[in-house]
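Undergrad: Questions regarding the structure given below will be posed in turn.
The values are calculated or read from the model by the stated rules, or taken from the named source; none is laboratory data. No experiment lies behind these values; they were computed from the predicted model shown. Glycine gets a Cβ as well: all are built from the backbone with ideal geometry, and neighbour counts include every protein chain shown. All accessible areas refer to the heavy atoms of the entire protein, side chains included, with ligands and DNA or RNA removed. Shrake-Rupley method; radii C 1.70, N 1.55, O 1.52, S 1.80 Å.
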4 protein chains.
Amino acid sequence: MKTCEITDAFGIDALKFSERSDPPLQQGQARIRVRAVSLNYRDLVTVKHGGARATRLPLIPCSDGAGEVVEVGPGVTRVKVGDRVAGIFFQSWLAGDITAAYFASALGGSIDGMLADLVVLHEDGLVHFPAHMTPEEAATLPCAAVTAWQGQVTKGGMKAGDTILVQGTGGVSIFALQFGVMAGARVIVTSSSDEKLARARQLGAWETINYKTTHAWGKRVVELTNGEGVDHVVEVGGAGTLEQSFQATRFGGTISLIGVLTGFAGKVDPNPVIRKGLRLPGIYVGSREMFEAMNKALAIQHTKPVIDRIFPFAETREALKYMESAAHFGKIVITV
Amino acid sequence: MKTCEITDAFGIDALKFSERSDPPLQQGQARIRVRAVSLNYRDLVTVKHGGARATRLPLIPCSDGAGEVVEVGPGVTRVKVGDRVAGIFFQSWLAGDITAAYFASALGGSIDGMLADLVVLHEDGLVHFPAHMTPEEAATLPCAAVTAWQGQVTKGGMKAGDTILVQGTGGVSIFALQFGVMAGARVIVTSSSDEKLARARQLGAWETINYKTTHAWGKRVVELTNGEGVDHVVEVGGAGTLEQSFQATRFGGTISLIGVLTGFAGKVDPNPVIRKGLRLPGIYVGSREMFEAMNKALAIQHTKPVIDRIFPFAETREALKYMESAAHFGKIVITV
Amino acid sequence: MKTCEITDAFGIDALKFSERSDPPLQQGQARIRVRAVSLNYRDLVTVKHGGARATRLPLIPCSDGAGEVVEVGPGVTRVKVGDRVAGIFFQSWLAGDITAAYFASALGGSIDGMLADLVVLHEDGLVHFPAHMTPEEAATLPCAAVTAWQGQVTKGGMKAGDTILVQGTGGVSIFALQFGVMAGARVIVTSSSDEKLARARQLGAWETINYKTTHAWGKRVVELTNGEGVDHVVEVGGAGTLEQSFQATRFGGTISLIGVLTGFAGKVDPNPVIRKGLRLPGIYVGSREMFEAMNKALAIQHTKPVIDRIFPFAETREALKYMESAAHFGKIVITV
Amino acid sequence: MKTCEITDAFGIDALKFSERSDPPLQQGQARIRVRAVSLNYRDLVTVKHGGARATRLPLIPCSDGAGEVVEVGPGVTRVKVGDRVAGIFFQSWLAGDITAAYFASALGGSIDGMLADLVVLHEDGLVHFPAHMTPEEAATLPCAAVTAWQGQVTKGGMKAGDTILVQGTGGVSIFALQFGVMAGARVIVTSSSDEKLARARQLGAWETINYKTTHAWGKRVVELTNGEGVDHVVEVGGAGTLEQSFQATRFGGTISLIGVLTGFAGKVDPNPVIRKGLRLPGIYVGSREMFEAMNKALAIQHTKPVIDRIFPFAETREALKYMESAAHFGKIVITV
């Protein structure tokens, strides 16, 4: 198997293209021919710094990949050769709520990830991806899309008629926009780029706010909603966003906390949470059950993930540097 | 105020057109100029038989009406003169789950209903209806639409990607079809009429089943869903439907029990409920909070209720007889 | 390994005591020295009739067993040699809601069960049982106790101050009584035996009803609750019980459907479910997550399961016949 | 009616004892002879500073009072003369989730409160208090106890076997301790006083931590729970507490945010909320439905609120100053 991995040093340029021998399949395992991998900010941090995530070296990074099953081990019943599948972020989080135990099975962190042409995963850690998607499109789903789904649907209980605030146009945010639209909600999108906001409108955004020209975007959201505030904020963090999100949310509303980018740069005063009776669930990707429910929605709606740019495997380092530039709208994909 | 009421005898032809003096407004009350009333099967039963519902005579029947506020009493803050409003079914069920106490405030049953040109209601018992609707359209909402909403959204937790089974094309069922479509679900509709099924498809139904020609519709639903069954059945009852609904529903799925028509003619064996871990919530209209959430969804989606036919006030008896014939698709409305 | 199994014929007397060779451990598996097994009505039906449950022969029956880990296979991390564990009913139902897939992993039905001195299970299918329990006591938990827990806690949302109706004094019902008491609820118990009702009072029952002398027990429950009805019924079925449970439950209350005995002999009219806005969740055992949450409660409260009688392994047939007699109060256990 | 009110200046010593004429009863209103009032930190702040809460002057402060009905207006059905009742904090929050509209009906803030011998309230804003309580005891319930109940039960879903962390020994915290014990949970209490911790143990606390001698109480909680953390923190705020609460809570656990004291002095980094998948609901008192459910629990368990000290009406100023000293354990009550 061909891999691109962190061997003994961190940094994008320290990534090595290697060959490993293909391991034999054990009970319940399947071999996947990976066709595409997508990048998340977490992968960039892992490659550059390792940190708490990369618990051992060498490590194949990247949680998100899709391809087809090329071999199955003994006792496998969930998949068969030829099936088009993606891996789930936490290989052992099948259903229910998060537990600490699942962190030992995080792809591209606690265990080897998807940046290889062949990977071996337990059948329980796979989902079939929607028939209308290419592997490149399916590779965008495991982290960003499942995160948005858990935030809006599983924890957020989004329903038709809700108003949703989505911050920026990164991977999670674009999925959140698409999920909001498909669920009959109306979605407000913020960005610092009018061009990106125009694209958000094409994807169905109801209103958009350029936070560079409208600094008090929380106040603007309140105006747009007749003084009431939105039902739900998909909060992806950054300096000072949470204070304005508190303002932008209606009494009894929900702010899904998603640390997709750099984490929350500033600290926040939680008093408005109490006064307004807000709900603040922390969201960290999600379970296989959530992934499969999401896939049904994507399949029924024929929704296509928004891919910004596709890089060949040999240009993995360039792909990571492109992510670093934060110029993208939607997902960055590497074909394998 | 002009009314059409049950005075001393039951039966459609015993309904009387009367004049009553306009009562003064008390603390918190508003006077509504009713523009339209819609009929529910419950109203037909009340007019014909009274039964448990009509607890006193004379009684102005009909729970569903919409119009505009023409006068407000002392202390009123929720509405003002000119507001376009509809009454809520249980005048005292504002939020939360059902309680026995709310039954004493059922419009057109425990208390006088909406079949009059002027009615007096407490401001708490009113909702503003969506701006894109006529009073005739808004008059269809309080009973049938709120029932479907509670069943699918509040109790059912419907989400994008779900598959919903809707039985027939009566008032509740058509709303359930529309709510399913707007929420990103796919909806299967049954009917005995291919013409009605064709109209259901125009409204967005994914699949349709003529239960006259496909008696084993439960089995057909399982086939349509690749052997899995639907996530949710909006069960409106009738002879033998529940057994097939048990078959048609996936493990862990939900069947909302709605006694919209004649009640359940047959009796049922609850064992499949246990084996499949089904949820069977009983649904009886809903609260003001549900009504208002639903109105937001209808407004955002610009959804129009499906009206079968509109009768003038003077032809109220004919409207009830038309309902009795069960020929309608959608709602029957009376203009006042 | 010594087993007691169904080989080629059904019936209590057709059970055979056999020897099987000990299988090697595969990835993730552990070998358990079973110390005790408890009986459920389902085991009796399986031994006598097989039916849908026993999908292959020979079959080692019984879902419920407890003992200690004597050997672990490669990759095992959840348990170690010496750990005191019990098996979970559905070996693959770890968390979340029920799915059809889990039925292929039902102990003592779809796969071999616990009626043996040694069994091999995947580590995922094991839970540690509370330190204050003997293996005999722990063996009572996997089916009956988890069923009651799912019904009352997971699906029922039982809280302090609730009033719970428990029918009879079988395994599930006694656990339901104990769970109700520990949660700060008050529990009403029905039985045909004043002696059993006296024992139920010793376990903390608030009120008891002898349904032989008080046929209209549903009405009696309403009286005991000042006309309101109970919040929750743990419905274990039998002829005509569900109708009275409808009567006994408050508006908006919950009836957990548990087919613990013979299933529901009669059929039922679901109309009261609608009018009263009842919730009827079907309950079929439960997940490992539920089992572990329950174990925490049992451990904190030092609750002891109620064991009626303990039989030695050699008297397995007598134990099953004793269960058939329905004379027991609490659980029947076999030591291995 | 005799009152003690804020007339034209803030400050404890500026409170005035006055006489007002008794207003006539309007539709749905009842007159209550207040027997006892309890103090909350919010009342102290209102008297001293007014702030956002006291929206008009003169204002009768204090949200919490209990007594008996002495007169009922037209149309009253929920209460009758002689009934022992308490007022609900938000007079219009009857059921469901919080909305902005309810704030206009906050007793002792938006509208006159309970610090008077006679008050007039709408029957909807009253609950019957448990029979085993004196009016002094019942007067402790409306704010502190309902807050704890919403946090632990309604939003927290507390169940037997949970481990709960309660901070300090103020009004909300003592109720949280009592609710935890009655629900079969085990409760860890923190305080700076060993004497108060000893009293907490008498009330059923499982473990106690003196945060003056054990600064790293979050770490200590993790040790006490075998490295897992608690299921639920009832977070009452103060400098730096939230960071340690994040540490003390298990993955997927809940921290109910309750701004009972001075609000959160510091600001907090929300990243642990995301990584651990925590839930952070903001809690602001609660609805009548919650109050009534809580009363059932208190009545069944014969739980007595913990009263620190009772002051006569004439010493209202002293009572407020005593609260200011923060020496109390449980509630401070004024008899009227």
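Undergrad: From largest to smallest, what semi-axes in whole angstrom does chain C give when each is the square root of 5 times an eigenvalue of its alpha carbon gyration tensor?
TA: Rounded to whole Å, the semi-axes are 34, 21, 18.
Undergrad: Between the stretch A:121-171 and the stretch D:80-111, how far is it from one alpha carbon centroid to the other, in angstrom?
TA: 41
Undergrad: I need the inter-copy label distances for residue D:14: point set 7 Å along Cα to C-beta, values in nm with one decimal, smallest first.
TA: Those label-point separations list as 6.4, 6.8, 9.0 nm.
Undergrad: Between the stretch D:287-318 and the stretch C:269-302, what is the C-alpha centre distance in whole Å?
TA: Between the Cα centre of the stretch D:287-318 and that of the stretch C:269-302, the gap is 32 Å.
Undergrad: Relative contact order for the stretch D:63-106 using alpha-carbon pairs under 8 Å, separation at least 6, rounded to a whole percent?
TA: 37
Undergrad: Okay, next question. Just to verify a number: FRET efficiency for residue D:131 and residue D:201, C-beta to C-beta distance, R0 = 35 Å, to 0.05?
TA: Step by step, r from the Cβ atoms, then E = 0.75.
Undergrad: Among DSSP beta bridges whose residues both lie in the protein assembly as shown, state the antiparallel percentage, nearest 5.
TA: Just about 55 percent of them are antiparallel.
Undergrad: So what's the angle, to the nearest 10 degrees on a 0 to 90 scale, between helix B:171-182 and the longest Cα principal axis of chain B?
TA: That works out to roughly 70 degrees.
Undergrad: So if I place +1 on the C-beta of Lys and Arg and -1 on the C-beta of Asp and Glu, and nothing else carries charge, what would the dipole magnitude of the stretch C:158-280 be about its Cα centre? I want it in debye, nearest 20.
TA: That gives the stretch C:158-280 a dipole magnitude of about 60 debye.
Undergrad: Still on this structure, please answer the following. Running Debye on the stretch A:156-276 with equal point scatterers at the Cα sites and no solvent, what base-10 log of I(q)/I(0) appears at q = 0.18, 0.21 Å⁻¹?
TA: Per q value, in the given order, log10 I(q)/I(0) is -0.88, -1.24.
Undergrad: Enumerate the lysines that residue D:276 could reach by cross-link, defined here as Cα to Cα under 23 Å, with residues fewer than 8 away along the same chain left out.
TA: A:155, A:267, C:296, D:155, D:159, D:219, D:267
Undergrad: Within 10 Å of each Cβ in peptide C:182-190, how many partner chain Cβ atoms are there on average? Round it to a whole number, please.
TA: Partner Cβ neighbours, averaged per residue: 5.
Undergrad: When each copy gets a label point 7 Å from Cα toward the beta-carbon at residue B:292, what are the spacings between them in nm, shortest first?
TA: 2.0, 3.9, 4.1
Undergrad: Where the centre of each part is set by its Cα atoms, how far does the stretch B:173-215 sit from the stretch A:174-227, in angstrom?
TA: After rounding, the separation between the Cα centres reads 34 Å.
Undergrad: How would you classify the protein assembly as shown from its alpha-carbon gyration tensor, with a ≥ b ≥ c the square roots of the eigenvalues: rounded for a/c under 1.5, else prolate if a/b is greater than b/c, otherwise oblate?
TA: Note, shape of the protein assembly as shown comes out rounded.
Undergrad: Another question, if that's okay. Chain pair C, B: how much accessible area is buried, both chains summed, with a 1.4 Å probe, in Å² to 100?
TA: 2500
Undergrad: Cα axis of helix D:316-325 to longest principal axis of chain D: angle in degrees, 0 to 90, nearest 10?
TA: 10
Undergrad: Please compute, for peptide C:152-163, the average count of beta-carbon atoms on other protein chains lying within 10 Å of each residue's beta-carbon.
TA: 6
Undergrad: Tell me the distances, shortest first, between residue C:312 and the same position across the other copies, using label points 7 Å along Cα→Cβ, in nm to one decimal.
TA: Here residue C:312 shows inter-copy label distances of 7.8, 7.9, 9.5 nm.
Undergrad: Now for a different question. Please give the peptides C:64-71, C:187-194 ranked by average Cβ packing (other Cβ atoms within 10 Å per residue), highest first, as a rough proxy for protection.
TA: In decreasing order of mean packing, C:64-71, C:187-194 become C:64-71, C:187-194.
Undergrad: Something else about it: Give me, ordered by chain and number, the residues 5 or more places off residue A:185 or on other chains with an amide H under 5 Å from its own placed amide H.
TA: Result for residue A:185 returns A:161.
Undergrad: Taking the rotation axis that maps chain D onto chain C, which residue of D brings its Cβ closest to that axis, and at what distance in whole Å?
TA: D:183, 3
Undergrad: Please give every one of the aspartates and glutamates within straight-line cross-link reach of residue C:212, meaning a C-alpha to C-alpha distance under 14 Å, and leave out same-chain neighbours fewer than 8 residues apart.
TA: Straight-line reach from residue C:212, under 14 Å: C:194, C:195.
Undergrad: Over the stretch D:156-276, with every protein chain in place, what whole percent of the accessible area is carbon and sulfur at 1.4 Å, could you tell me?
TA: Here it works out to 48 percent.
Undergrad: Let me ask something additional. If a/c stays under 1.5 just call it rounded; otherwise compare a/b with b/c (prolate if a/b is bigger, oblate if not). Do that for the stretch B:87-212, with a ≥ b ≥ c from the square roots of the Cα gyration tensor eigenvalues.
TA: Taking the square roots of the gyration eigenvalues as a ≥ b ≥ c, the stretch B:87-212 is prolate.
Undergrad: Would you please state which residues of the stretch C:10-46 a label at residue C:2 would reach in this model, taking the label point 7 Å out along Cα→Cβ and a backbone N cut-off of under 20 Å?
TA: It comes to C:13-23, C:31-39, nothing else.
Undergrad: If you take the square roots of the eigenvalues of the alpha-carbon gyration tensor of the stretch B:1-121 and sort them as a ≥ b ≥ c, do you get rounded (a/c under 1.5), prolate (a/b over b/c) or oblate?
TA: Oblate shape, in that a/c is at least 1.5 and b/c is the bigger or equal ratio.
Undergrad: Could you tell me which of the pairs B:80/B:321; C:16/C:196; A:304/B:331; D:80/D:304 are separated by over 28 angstrom between their Cα atoms in the structure shown?
TA: Going by Cα-Cα distance, B:80/B:321; C:16/C:196; A:304/B:331 fall outside the 28 Å limit.
Undergrad: Now, a different point. If you roll a 1.4 Å probe over the heavy atoms of the protein chains, what accessible area per residue do you get for chain B, in Å²?
TA: Value for chain B: 34 Å² per residue.
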